[in-house]
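Read through the structure below, which is laid out as structure tokens, and then see the notes.
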Amino acid sequence: MQGVSEAGAERLLDYTNHPELDDVDKLVVEYSTAVTNNGSRTRDEIFTRLCRHFSEPQVVELTWRITLCGAFNRFNDILQVEVAEPPIAAE
């Protein structure tokens, strides 16, 4: 997400009350959580709301990015790949 502070990123799972997220951001987080946790049971209602803000190709790309991140996470977890330290911000 662009524009979310580091503190905001840390509390992203509390998206419903997140002061830095607008309604579309919250919908994307809700969808991401549903895809990650209930991939085969993601409700049509979420798709209906997504399609109010995104085109069909955009929903496909969003879904691809969510599932790709999940695949990378599982791959790294299984192989116990160490996560590199985040880059240090320039002063």
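No lab work stands behind these numbers, since they all come straight from the coordinates. Bear in mind that the values here come from a model prediction, so they are computed numbers and not experimental data. FYI the Cβ positions are ideal-geometry reconstructions off the backbone, even for glycines, and counts take in every protein chain you see.
At-a-glance table
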| item | result |
| --- | --- |
| Percent RCO, i.e. relative contact order, over region 6-78, from Cα pairs under 8 Å lying at least 6 residues apart | 25 percent |
| Pairwise FRET efficiency - V83 versus E45, Cβ, R0 = 35 Å, nearest 0.05 | 0.50 |
| Full-stretch length increase - A9, C69 - with 0.36 nm per residue and alpha-carbon distance subtracted | 20.0 nm |
| Mean shadow area of the chain over all directions, Cα convex hull, nm² | 7.6 nm² |
